[in-house]
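S.K.: Have a look at this one before I ask anything.
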Amino acid sequence: MAVSALRLPPGGLQRLGRRLGTVALTLLGLLALTFFIGRVMPLDPVLAVVGPDADQSTYDQVFKRMGLDQPMYVQFSYYLNDLLHGDLGNALLTGLPVVGDIKRVFPATMELATMAIILGTCIGIPLGVFAATRRGKMGDHVVRVISLFGYSTPVFWFGMMGLLVFYAWLGWAGGAGRVDLAYDGLITPVTGFLLIDSAMLGEWEVFASAFKHLFLPACILGLHSTAYISRMTRAFMLAQLSQEYILTARVKGLSERTVIWRHAFRNILVQLLTIVALTYGNLLEGAVLIETVFAWPGFGQYLTSSLLLGDMNAVMGCVLLIGLIFVFLNLLADALYQVFDPRTR
């Protein structure tokens, strides 16, 4: 029985193979596009290494050592060969392996994005349901205005206003960085998540400082995601509330709470999974502006600095990670579809 339980359904192996092939081709195309765009950008990675005052002979030596004298397709083949061996090269920005740099900076962004998506989901979904059940009324109009304002206003403006009000004037929030300078470097990274690491070590003062620094940028990103999630939830709920089975449920005398949450909301849950998953992916790769405003030492700042420097090793590593994140989130959403919607099994 254990063997039969592991068997794929008819055609399952072929579908799995096609899916893996699609994922590989998508990532390959993403890498190739990024690589060739990086080579034609008006940025010189050699100057970033040797400096603007280097003589021509030094420049030529570094140019050849970096393989830039080869055709672009040859350079790309060398890169793919190194990638298959787990080598993303060294970053010009730090002089360290790109893999190590990403492991160091990505947890900070993940911690920020995770709190933001929790806030966005816990607030956005109830707001969307609330607006849908009061269509055309004052509550619906208020939620729609808030959603429009939160989604259309630039996130960096929210960041600057938040720092001005809650940090400079009221002193409720932390300033730049992940923790106060007095606590910087006191925690040895274990998971990379400062809240978790400080709690594991019992450093509650560091925990409080980290939470104080994290909460404001997470709330700002959460507001942006709340606006989008609430709009999509409202649209999905309106489509369900106009169906005949909702009218039938009300005629049968079911309570409005049961009709909304056990019938209508249950049927949009699968759609919401995709929205939340993709929103989370956007937060992970799109927190560049908020990290810049709050001097957050995360993935977004690392990618931005690498782009400005023309450090294609670091940029390619970041692009690969972003691609893997979205592929994983899409696969996760597909798997959850089968859990919550038996029709897709």
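A short reminder: the numbers here are calculations on the coordinates, not readings from a lab. Quantities reported herein were computed from a predicted structural model and do not represent experimental measurements. Methodologically, a virtual Cβ is constructed for each residue, glycine included, from the backbone with ideal geometry; neighbour enumeration extends over all protein chains shown.
S.K.: Lys and Arg at +1, Asp and Glu at -1: add these up for the other residues within a Cβ distance under 12 Å of GLY67 and post the number.
M.R.: On the way: positive: ARG39, LYS64, ARG65; negative: ASP69, ASP82.
Result for the neighbourhood of GLY67: +1.
S.K.: Moving on. When the Cα centres of the range 97-124 and the range 267-334 are compared, how far apart do they sit, in Å?
M.R.: That distance is 9 Å.
S.K.: Among the aspartates and glutamates, select those whose C-alpha is under 12 Å from the C-alpha of LYS212, and discard any that sit fewer than 8 residues away in the same chain.
M.R.: Hits, sequence-local ones excluded: ASP180.
S.K.: In terms of the ratio Rg/(2.2 N^0.38 Å) built on C-alpha atoms, what value belongs to the range 217-268?
M.R.: Numbers: Rg = 14.3 Å, N = 52, 2.2 N^0.38 = 9.9 Å.
Normalised by 2.2 N^0.38 Å, the Cα Rg of the range 217-268 equals 1.44.
S.K.: What do the square roots of 5 times the Cα gyration tensor eigenvalues come to for the range 12-82, in whole Å, largest first, as semi-axes of the equivalent ellipsoid? Display every interim value, and only then the final one.
M.R.: On the way: eigenvalues 263, 26, 14 Å².
Three semi-axes, in Å: 36, 11, 8.
S.K.: Also: What is the percent of Cα-Cα separations in the range 110-153 that go past 11 Å? Numbers along the way, then the final one.
M.R.: Values: 630 of 946 pairs.
Here the tail beyond 11 Å accounts for 67 percent of pairs.
S.K.: Could you tell me which helices of the chain pass both thresholds, a Cα extent of 20 Å or more along their own axis and a mean Kyte-Doolittle hydropathy of at least -0.5, with helices taken as whole DSSP H runs? Don't skip to the answer; put the middle values down first.
M.R.: Working: long enough: 12-40 (42 Å, 1.06); 98-133 (50 Å, 1.35); 138-152 (21 Å, 0.71); 204-241 (49 Å, 0.79); 265-286 (30 Å, 1.04); 312-340 (41 Å, 1.94).
Passing helices, by number: 12-40, 98-133, 138-152, 204-241, 265-286, 312-340.
S.K.: What does the helix-only formula give at 222 nm for the chain: each DSSP H stretch with n ≥ 4 adding -39500 (n - 2.57), the total divided by the residues, and the result rounded to the nearest 500 deg cm²/dmol? It would help to have the intermediate numbers written out before the result.
M.R.: Working: 15 runs with 242 residues, N = 345.
So the helix-based figure for the chain works out to -23500 deg cm²/dmol.
S.K.: Under a plain spin-label model, where a point goes 7 Å from the Cα along Cα-to-Cβ, how far apart in nm are SER152 and LEU269?
M.R.: 3.5
S.K.: Still on this structure, please answer the following. With a sphere of radius 13 Å drawn around the Cβ of PHE207, what net charge do the other residues whose Cβ falls strictly inside it have (Lys, Arg +1; Asp, Glu -1)? It would help to have the intermediate numbers written out before the result.
M.R.: Working: positive: ARG178, LYS212; negative: GLU111, ASP180, ASP197, GLU203, GLU205.
Charge balance in the 13 Å sphere: -3.
S.K.: Check cross-link reach from LYS252 to the aspartates and glutamates: straight Cα distance under 14 Å, and skip same-chain residues fewer than eight apart.
M.R.: GLU244
S.K.: Expressed in nm², what is the orientationally averaged projection area of the convex hull enclosing the Cα positions of the range 11-159? Could the numbers behind the result be given before it?
M.R.: Details: hull surface 63.1 nm².
Answer in nm², one decimal: 15.8.
S.K.: Same structure, new question: Within the set of other residues whose C-beta is less than 15 Å from the C-beta of THR258, count the net charge using Lys and Arg as +1 and Asp and Glu as -1.
M.R.: Details: positive: ARG250, LYS252, ARG257, ARG262, ARG266; negative: GLU256.
Charge balance in the 15 Å sphere: +4.
S.K.: Also: Assuming a viscosity of 1.306 mPa s and a temperature of 10 °C, what translational diffusion coefficient in µm² per second does Stokes-Einstein assign to the range 266-345, Rh being the Kirkwood radius over Cα pairs? Walk me through the numbers before you get to the answer.
M.R.: Details: Rh = 14.2 Å.
Answer, rounded: 111 µm²/s.
S.K.: Which one, GLY29, VAL105, LEU329, projects farthest toward the positive side of the charge dipole computed for the chain from Cβ point charges (K/R +1, D/E -1)?
M.R.: LEU329
S.K.: Treating only the Cβ atoms of Lys and Arg (+1) and Asp and Glu (-1) as charged, compute the dipole magnitude of the chain about its Cα centre; round to the nearest 20 debye. Can you show the working numbers first?
M.R.: Working: 24 positive and 22 negative charges, 466 e Å.
Computed charge dipole of the chain: roughly 2240 debye.
S.K.: Could you tell me the largest-minus-smallest coordinate of the C-alpha atoms of the range 104-309 on each of the three principal axes, in descending order and whole angstroms?
M.R.: Principal axes ranked by extent give 64, 36, 34 Å for the Cα atoms.
S.K.: Next up: State, as an integer percentage, the relative contact order of the range 104-309 based on alpha-carbon contacts under 8 Å between residues 6 or more apart. Can you show the working numbers first?
M.R.: Numbers: 248 pairs, mean separation 76.4, N = 206.
Once divided by the residue count of the range 104-309, the mean separation gives 37 percent.
S.K.: Okay, moving on. Can you tell me the relative contact order of the chain? Whole percent, Cα pairs under 8 Å, sequence separation 6 or more. Don't jump to the answer; show the numbers that get you there.
M.R.: Working: 357 pairs, mean separation 92.5, N = 345.
Relative contact order, the chain: 27 percent.
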